[in-house]
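First the structure, in the form of structure tokens, and then the observations on it.
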Amino acid sequence: MTSIKSLRWLMRKKSGLSDGGKSSFKIRQLPFMAVLCTVMLFIVYRTTKYQYHQEEIDKRWSFWGQPKVYPATSEKLKGLPRGIIHADSDLELRPLWSRSGLRSKANVYSNRNLLAVPVGIKQKQNVDVMVQKFLRENFTIILFHYDGTVDGWWNLGWSSKAIHIVAQNQTKWWFAKRFLHPDIVSIYDYIFLWDEDLGVEHFSPSRYVKIIKQEGLEISQPALDPNSTEIHHRITIRARTKKFHRRVYERRGSTRCSDSSEGPPCTGFVEGMAPVFSRAAWYCTWHLIQNDLVHGWGVDMKLGYCAQGDRTKNVGVVDSEYVFHKGIQTLGGSGHRMSKVSNLQRTTKRQSGTGIDVRTEIRRQSTWEFEIFKERWNEAISQDKSWVDQRRIRKMHDTKHVTI
């Protein structure tokens, strides 16, 4: 009996020693687990920080502030290290040399805007007034000389600060397509693509930009003084009591404009003589302009598709900052004017020995281009099965909302 009790006591003692060993082992594990967790947290932190740093690099490389996506054509650049590639440019003039203390300082361009105007020497006085207003507001100026005359501009004090591009007898849209590529104008917040025959006595570039930023107008134009020499669309006429407007109401004639109107010329429309584009809207518009249809007829009716959303909200006419349209005939009589041409083309005299009226021929060419543009648009719609007209979607949505 005594031996049995002794055996039980030894077994309990052994069991107690075993449990104590396990407990002490667990206690010794705690510092190790704490160190391991600390190391893992550090690794997660470093990994997250590295990923964020890489995303920031990608954004700086991005053209529009989105992560850079390299197309298949980047294979042509595979011989270059990524960090040396500059995919865009600008129209800022650079000095041939600078002081040693300034060489290492990078040029940072912010809040820059661009004014591009096709000009002829006969409109020098009006262009001078226009450019001086814009230069005071930190605008970059580019002049497209369609008459081939540049020397006559050098006596203006600001002329050396502007970019001068010369091409005889070319239109505004020909110049824009070739010299205002989105990669070249990417630093500019807004692109003003104006005609030369606009009076700016009642126009402030800085106040205008402030308004279109506040109201989210991706495509806009200054309203026209009601006394302007030439007005083609009622929506462009200045409303004296408004700061800006997005649509016009019309119950007379063949054009009926109401709240239900979805497009030009009732809403979502600006005319070709003084359009202003945001950076994103110009990116789209540049691709809309046809390379070979140089007069640009019909483009204004499709600009709403480049409004980066609802054209009835993102396109507008600014009334508080307005211009006077002088309507100087440079194309071939009154009517739709989307281009500027040289004095040679403006004359109505018949060319010697040919019996050709140049102005009439230009208008015929413009009309033909307009028909071609419409045909291309319709063909593009029929071929692109994935394209959806956003106006129809909004109209269907509004109809369902009213039904409910």
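Of all the residues in the range 273-315, those that are under 20 Å from Gly216 (Cα atoms) and either assigned to a loop (DSSP other than H, G, I, E, B) or of a type in the set (Gly, Ala, Ser) (or both) number 10. Say whether the condition of being part of a helix (DSSP H, G or I) and either out of contact with any Phe, Trp or Tyr (no Cβ under 8 Å at 6 or more places or on another chain) or on the phi > 0 side of the Ramachandran plot (or both) is met by at least one residue in the range 133-152. Within the range 133-152, one or more residues are part of a helix (DSSP H, G or I) and either out of contact with any Phe, Trp or Tyr (no Cβ under 8 Å at 6 or more places or on another chain) or on the phi > 0 side of the Ramachandran plot (or both).
Residues that are modelled with pLDDT of 75 or more, surrounded by 10 or more Cβ atoms within 10 Å (Cβ to Cβ) and either among the aliphatic types (A, V, I, L, M) or not in a helix (DSSP H, G or I) (or both) within the range 44-99 comprise Leu77, Leu80, Ile85, Ala87, Asp88, Ser89, Asp90, Leu91, Glu92, Leu93, Ser98, listed in sequence order.
Quick check, is Phe192 at pLDDT 95 or above, crowded, with 18+ Cβ neighbours inside 10 Å, closer than 28 Å to Gln365 by Cβ and not hydroxyl-bearing (Ser, Thr, Tyr)?
Values: at pLDDT 95 or above: yes; crowded, with 18+ Cβ neighbours inside 10 Å: yes; closer than 28 Å to Gln365 by Cβ: yes; not hydroxyl-bearing (Ser, Thr, Tyr): yes.
Taking the combined requirement at face value, the residue satisfies it.
Residues in the range 224-270 that are of a type in the set (Phe, Trp, Tyr), in contact (Cβ under 8 Å) with a residue 24 or more places away in the chain and assigned to a loop (DSSP other than H, G, I, E, B): Phe269 only. Scanning the range 136-169 for residues that are surrounded by 15 or more Cβ atoms within 10 Å (Cβ to Cβ) and among the aromatic types (Phe, Trp, Tyr) gives Phe139, Phe144, Tyr146, Trp153. Contact list please: Cβ distance under 8 Å, first residue in the range 378-401 and within 15 Å of Gly304 (Cα to Cα) and among the basic types (Lys, Arg), second residue at pLDDT 90 or above and assigned to a helix (DSSP H, G or I), pairs at least six apart or on different chains. Partner pairs satisfying both residue conditions: Arg391/Arg311.
Can you report the number of residues in the range 200-255 which are open to solvent by less than 60 Å² (accessible area, probe 1.4 Å) and of a type in the set (D, E, K, R)? Going through the range 200-255 one residue at a time, the tally reaches 7. Might you check whether a residue that is in a helix (DSSP H, G or I), surrounded by fewer than 17 Cβ atoms within 10 Å (Cβ to Cβ) and β-branched (Val, Ile, Thr) occurs anywhere in the range 119-130? Checked against the condition, which is being in a helix (DSSP H, G or I), surrounded by fewer than 17 Cβ atoms within 10 Å (Cβ to Cβ) and β-branched (Val, Ile, Thr), the range 119-130 yields at least one hit. Of the residues making up the range 174-189, just one is assigned to a strand (DSSP E or B) and buried (at least 18 other Cβ atoms within 10 Å of the Cβ), namely Tyr188. In summary, Ile289 fulfils each of the numbered conditions (1) at pLDDT below 95; (2) touching a helix residue (DSSP H, G or I) at 6+ places or on another chain (Cβ under 6 Å) with the single exception of condition (1).
The values are calculated or read from the model by the stated rules, or taken from the named source; none is laboratory data. This is a predicted model, so every value here is computed, not measured. Cβ sites come from the backbone with ideal geometry, for glycine too, and all protein chains shown count toward neighbours. Note: accessible area is taken over every heavy atom of the protein model, side chains too, but ligands, DNA and RNA are not part of it. Shrake-Rupley method; radii C 1.70, N 1.55, O 1.52, S 1.80 Å.
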